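S.K.: Below is one structure. I have some questions about it.
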Amino acid sequence: MKMNTERFTLTTDDYLAETNALFYLSDAVTQLLEHREEYIQFGIVRYFAEYFTSVKNGNHVLFREFNYIKATPHNRASFIHIFWKCFRQIGKNGDLLTVLEYSSLLQLLCPDFPTEMVQNTARIVLMDDAMDCLMSLADFIYSFQLQFYYEEFLESVLVIYEDLLEGKNPNTVIVPTSSSAEPLSSTVSEETDTQEGVDSSVFLECINGLCERFKHKHPSVSCIKEILESNLRVSYYSFLMALAKHEGISQDIGALPNRSDLLIDPEMDQELERLVAQVAISPTSNSSSSAAGLKEPPRKASPRKSLHQRRRIEMESDGSTEETDSSEN
Amino acid sequence: MAEKRRSGVGAAVADSGKAGKAESDEELLAQAGVGLLLRDALLKLVEARSEDPIGFLAEHFSNLVSEAESGPGGGAGAEDGPKQEEQSSAEEQQQLSRALWHLSLAHHSQRSAFNNNIRVAYDLLTLCGSSRSGSGGVQGRLYTEMLQCLCSEGGLSGTTAAPLLRRIRCHDYEAVPYELFRQGVLTCAAFADYIRKSQCLYAAVASRPERPAERALCRAVLGTLEEALDTSHGADSARFLEASAKISPAKLARAMAEVHVTSKLQEGPTMDAREFEDAAAALFIARVRVVS
């Protein structure tokens, strides 16, 4: 929401649309109606105050449905941040997880989080190869950030990329003269046989055009330029990998620290203990800290093993059964 | 939170009874005054055009909550005693910071938004003293305190702000009408900007940050500034044009070049940043009318 003084020149409708204020207001009312007894007792004004404070602090996306989580850039960034906060410990322990395991972790925070999104993330990490490989949290989370935050943009980039691979430039109008068109496409396909990917400068040109249409829902143009100018040719997944690893892009989103600081944050350790404890006890229990800290030792010893249990519990029951057995090993 | 999700799913499943539910939804919202509450919040948001609307709404609703809570306690000014007094002064501080928050929402160059925010701040502070004095307007004491806060929030040092505040402050017992209040706020905001600009000007004249600027150059710049501020009487727009023509870069450069030619190469006396700022401030303050 970098608007500076521009916001004063927008019409009222544009201003409200730009800032998603109406989206949050209507969600607040929907939530209010769904939990009327609870909130009316609590006080309606206080409910709205709490709602917007939690939106401001970014913890409003916890345990909400996927459609809500992806609805605004702020929600996406908040969710990425929460994911990091909750599962940073895995990175610290050095555990490597599979696609399905990451998917389970995400579903602890957002029950209907689609596996497809996680698979797309894994394609970035593993360069679309050997999809059953294990991934470190650091590799996963930056790719996940890119995939989740810029999903629509990446989809459009893929379309452009595939068009370019096939030898048509999406930005130029093709003049239908058969004599010139045919040899051109054949040379291109020959090239792709020997060299991987597409010509970076042409790709950059096309992406620039795309960015104009996406307004500000794309990584900054200068970062894209920097990445594409460093190589003559680029493949889709190596481009995405470079985007995911680019610190400037990550800073613009503002959800994650730099890679070197990803696992260092002593201040957050305490809060993390509390949060993970809540999540581990029962993913569907109320998020108030009532039962926090009761069931820590077994989970803490190996978060990865208990993960399967948690997953199983979630599928088998509504989660009210506490995990009691850690003697799997 | 998880509770939310579960009943959310439940609501989606129980689609059959939706017609009946929608009606009671509307009734419920009307009964609880949600429509009014939200309309009021949206209006305030659109007026203020906050850069951070979510933060704005959070603050707005929190303010409403604390108002509702402090309302009955603070309103009953009949019984007195030390505790009562303590409470009302805490309440006063709260209102003051709330008023300052409103004033910080828009820059004063966004005049209509800024004026709206001044009005909100004024109403907040008027409410604050009304139980005791009963007269219209903000108490002079509060008004002066608010201007002080505005100046320090604007990055002004106490010594820079003091001469200005001496001119525009009111006596503690006075009731400040809206127009005066607005002028005071606007003057402080403009002054803070002006001082920031003059600091930039000094930095430009000094050319090297570690060395103080040449005195003669500073004099020339301040002279040009003074001339620009001293416009003929006439319509506001004409005076703005006149002033901006007088302080144009070309004009300033010429003035500086003239001095530079005469003082050629010799290391003349210098002027430090403090003195320059004070001189510039004096030019501004001389044009502020004394209030009381």
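The values are calculated or read from the model by the stated rules, or taken from the named source; none is laboratory data. Computed from a predicted model, the values in this text were never measured in an experiment. Every residue, glycine among them, receives a Cβ derived from its backbone with ideal geometry; neighbour counts consider all protein chains shown. The protein model used for the area step is the full one, side chains on, heavy atoms only, and it has no ligands, DNA or RNA in it. Shrake-Rupley method; radii C 1.70, N 1.55, O 1.52, S 1.80 Å.
S.K.: What does the accessible area per residue of the range B:194-285 come to in Å², with a 1.4 Å probe and no ligands, DNA or RNA counted?
M.R.: Accessible surface, normalised per residue, equals 63 Å².
S.K.: In the structure displayed, which of A:K56/A:K92; A:K168/A:K217; A:K70/A:K215; A:K92/A:K225; A:K70/B:K44; A:K56/A:K225 lie more than 23 Å apart, Cα to Cα?
M.R.: A:K56/A:K92; A:K168/A:K217; A:K92/A:K225; A:K70/B:K44; A:K56/A:K225
S.K.: Right, here's the next one. Ignoring ligands and nucleic acids, what accessible area does A:H216 show with a 1.4 Å probe (Å², nearest 10)?
M.R.: Looks like 120 Å² after rounding.
S.K.: Here is a follow-up. Average partner chain C-beta neighbours within 10 Å, per residue of B:33-39?
M.R.: Counting Cβ atoms of other protein chains within 10 Å of each residue's Cβ and averaging gives 3.
S.K.: Tell me, what ³J(HN,Hα) does each residue in the range B:268-277 have, in order and in whole Hz, if you take phi through Karplus 6.51 cos²θ - 1.76 cosθ + 1.60 with θ = phi - 60° and put x for Gly and Pro?
M.R.: x, x, 10, 10, 8, 4, 4, 5, 4, 4
S.K.: Placing +1 at every Lys and Arg Cβ and -1 at every Asp and Glu Cβ, with all other atoms neutral, what dipole size does the range A:4-57 have around its Cα centre, in debye to the nearest 20?
M.R.: Numbers: 4 positive and 9 negative charges, 41 e Å.
Computed charge dipole of the range A:4-57: roughly 200 debye.
S.K.: For B:A213, list long-range residues whose amide hydrogen, built 1.01 Å from N in the peptide plane, is under 5 Å from its own amide hydrogen.
M.R.: B:M271
S.K.: Give me a comma-separated list of calculated 3J(HN,Hα) values for the range A:91-99, in order, Karplus coefficients 6.51, -1.76, 1.60 applied at θ = phi - 60°, integers in Hz, x for any Gly or Pro.
M.R.: Along the range A:91-99, the couplings run x, 5, 6, x, 6, 10, 10, 8, 3 Hz.
S.K.: What is the sum of charges around A:R123, taking Lys and Arg as +1, Asp and Glu as -1, for the other residues whose C-beta is under 12 Å from the C-beta of A:R123?
M.R.: Result for the neighbourhood of A:R123: -3.
S.K.: Express in Å², to the nearest 10, the accessible area of A:D269 obtained by rolling a 1.4 Å probe over the protein heavy atoms while all chains stay in place.
M.R.: 40
S.K.: Would you rank A:W84, B:W101 by solvent-accessible area, highest first, keeping every protein chain in place and using a 1.4 Å probe?
M.R.: If we order A:W84, B:W101 from most to least accessible, we get B:W101, A:W84.
S.K.: Now, a different point. Output needed for the range B:194-285: three equivalent-ellipsoid semi-axes, defined as square roots of 5 times the C-alpha gyration tensor eigenvalues, in descending order, whole Å.
M.R.: 25, 15, 10
S.K.: What does the C-alpha gyration tensor say about the overall shape of the range A:4-57? Classify as rounded when a/c is under 1.5, otherwise prolate if a/b is larger than b/c, or oblate.
M.R.: prolate
S.K.: Sort A:105-114, B:53-62 by packing, meaning the average of other beta carbons within 10 Å per residue, with the highest value first.
M.R.: Ranked by mean Cβ neighbours within 10 Å, highest first: B:53-62, A:105-114.
S.K.: How would B:S50, A:S222, B:S157 line up by accessible area, probe 1.4 Å, largest first?
M.R.: Working: B:S50 5, A:S222 80, B:S157 45 Å².
The ordering from most to least exposed comes out as A:S222, B:S157, B:S50.
S.K.: Between the range B:149-180 and the range A:71-111, how far is it from one alpha carbon centroid to the other, in angstrom?
M.R.: When both Cα centres are located, 51 Å separates them.
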